[in-house]
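The values are calculated or read from the model by the stated rules, or taken from the named source; none is laboratory data. These figures come from a predicted structure and were not determined experimentally. Glycine gets a Cβ as well: all are built from the backbone with ideal geometry, and neighbour counts include every protein chain shown.
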Amino acid sequence: MFEVSSASQLPKPAHYEELVAQARALLADETDWIANAANFSSFVFHSLSGLNWAGFYFFDGRELVV
């Protein structure tokens, strides 16, 4: 799927540039917004240390849905 780089291997700006490039590649060919949200949430969760949750809330017209 994607390779998560270690933050200790690169300076922080270069690490974030790499993460942006990986995220763009991950989302580039997928048009389904639910799949993109799930894939991006997983990518963020596994790419940034110290997180205990990463995801989206969507408003369905009445309430927020995870």
Open item on the list: Within region 9-33, take every residue that is polar (S, T, N, Q) and in a helix (DSSP H, G or I) and give me the one that is farthest from H46 (Cα to Cα).
Closed with: Q9
- [ ] Keeping to region 4-43, report how many residues are within 15 Å of V66 (Cβ to Cβ) and modelled with pLDDT of 95 or more.
- [x] 5
TODO: Please name all residue pairs, on different chains or six or more residues apart, with Cβ atoms under 6 Å, provided the first residue is in region 44-66 and is touching a residue at least 40 places away in the same chain (Cβ under 8 Å) and the second residue is part of a loop (DSSP other than H, G, I, E, B) and surrounded by 10 or more Cβ atoms within 10 Å (Cβ to Cβ).
DONE: H46/V4; S47/V4
TODO: Please work out which residue is farthest from L26 (Cα to Cα), limiting yourself to region 39-54 and to residues that are among the polar types (S, T, N, Q) and outside any loop (DSSP other than H, G, I, E, B).
DONE: S47
